[in-house]
1. Out of 209, 189, 161, 151, report the one residue that is under 31 Å from the mean Cα position of the chain (by Cα), of a type outside the set (A, V, I, L, M, F, W, C) and farther than 27 Å from residue 98 by Cα.
2. Quick check on residue 121: is it of a type in the set (Val, Ile, Thr), part of a loop (DSSP other than H, G, I, E, B) and either under 24 Å from residue 226 (Cβ atoms) or at pLDDT below 90 (or both)?
3. Could you figure out which of (1) touching a Pro at 6+ places or on another chain (Cβ under 7 Å); (2) open to solvent by 40 Å² or more (accessible area, probe 1.4 Å) isn't true of residue 249?
4. When you scan the range 162-184, do you find a residue that is open to solvent by 60 Å² or more (accessible area, probe 1.4 Å) and in contact (Cβ under 8 Å) with a residue 60 or more places away in the chain, even just one?
5. Restrict the check to the range 129-139 and report whether at least one residue is part of a strand (DSSP E or B), at pLDDT 90 or above and not hydrophobic (A, V, I, L, M, F, W, C).
Amino acid sequence: MFWRMLQGALARQRRRLFMVALTIALGVSLTTAMLNVMLDVGDKVNRELKAYGANITVTPRATSVVKDLYGVETAEGSGQYLQEADLGKIKTIFWANNIVTFAPSLFTDAVGPDGQTIPVVGTWFDHELPLPTGDTAATGIKALKSWWDVQGSWVTDTDNQGAMVGSLLAAKLGLRPGDTIALRLAGGQQAERFNVTGVFNSGGNEDEQIFVPLRKVQQALHLDGKISKVEVSAITTPENELARKAAQDPKSLSLKEWETWYCTAYVSSISYQIEEVINGARAKPVRQVAESEGAILQKTQLLMLLITVLSLAGSALGISNLLSASVMERSKEIGLLKALGATDGAVALLVLVEILLAGAGGGLVGYFAGLGFAQIIGWSVFGSAVAAKGMVVPLVMVLVALVTLAGSLPAMRMLLTLRPAEVLHGR
């Protein structure tokens, strides 16, 4: 009889410890997943946002000065240009790996079939750019403006007679993919026929323009190797007070501040480095885009942090309930131990060792399960794996210990207040 009672008590205790371990495992798995995603989410969110356009615009310095002083855009036909040959240098700056893509533009006007003036933009569509390092980089508006809704197909850079027409302009001219349009580019003596490979809807000013290969506009304007503007898409770090101070005047920074700013992927530091490698250029962040990216990233990380805190709080509550129930069920056993001379500290230590061992086992299982959950989140949300961060391991170990101890406090308090005479008499 006694042996069966002992076996039953041990079985119940094993079940309780298993439930504690399972509760910790669930909390740790969610915590591990959220921490890994949170620490790796910056680049992923930024890459997702890169699909919605450039966050840095590079123009000739003289043109930028006129715009800053008078608010007048003079890039088109102003006689101020950048050198196409310098564009490969953008991928040689300190933060070259953060440059996702870029595309140059050269603006002109053309005379349409009915004598109307049509804005034309020469650009790269899907261009393989040789770099000074000997490598190549994929550039062009196909990657830069991937949100465009295109009917038909993109122009290839080798097709000098290909053209893509904005949706508003196409509606005015009655153009569809597969049609042709006669245009006389500024500087040209006669009209040329362009094949409309696609009609796009951008939701912006581009919808009233025609895009053709950059080389075609350069030839028409006799501006070989010249460009008006470069749009750059870069992965950046949300700006802080240091970045805003540097954006106003980098020379105002101390040496330590300058090194921190220069070696951090702020949009202002990347812009500064682009100016260093492109002669006569002024690189300016697109503030609305850059600040929106930072705000979205911070809110995403805050959301994940809140989920982590709530999961740990839930685990602590679960542990507290399980241990309180365990102490109540084992009250006679604990009372007997105290009656036989066990001190409160010895009994508390015995219970804590059991809990911590269960917590360690649950934490280990939860950590590896959390890594799996992080990959599920990464592939389902961002389409790529989430890197396992080494700093998460000590964080999880500390959190497991804290959550286990926090959840044990109510049970320990109850345990210490048990009086052997009362519990052994069933009171």
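1. On the way: 209 fails: under 31 Å from the mean Cα position of the chain (by Cα); 189 fails: under 31 Å from the mean Cα position of the chain (by Cα); 161 fails: under 31 Å from the mean Cα position of the chain (by Cα).
After applying the criteria, what remains is 151.
2. Working: of a type in the set (Val, Ile, Thr): yes; part of a loop (DSSP other than H, G, I, E, B): no; either under 24 Å from residue 226 (Cβ atoms) or at pLDDT below 90 (or both): yes.
So residue 121 does not fit the description; no.
3. With respect to (1) touching a Pro at 6+ places or on another chain (Cβ under 7 Å); (2) open to solvent by 40 Å² or more (accessible area, probe 1.4 Å), residue 249 is out only on (1).
4. yes
5. yes
The values are calculated or read from the model by the stated rules, or taken from the named source; none is laboratory data. All values reported here derive from a predicted model rather than from experimental measurement. Reconstructed Cβ throughout: ideal geometry from the backbone, glycine too, with neighbour counts over all protein chains shown. All accessible areas refer to the heavy atoms of the entire protein, side chains included, with ligands and DNA or RNA removed. Shrake-Rupley method; radii C 1.70, N 1.55, O 1.52, S 1.80 Å.
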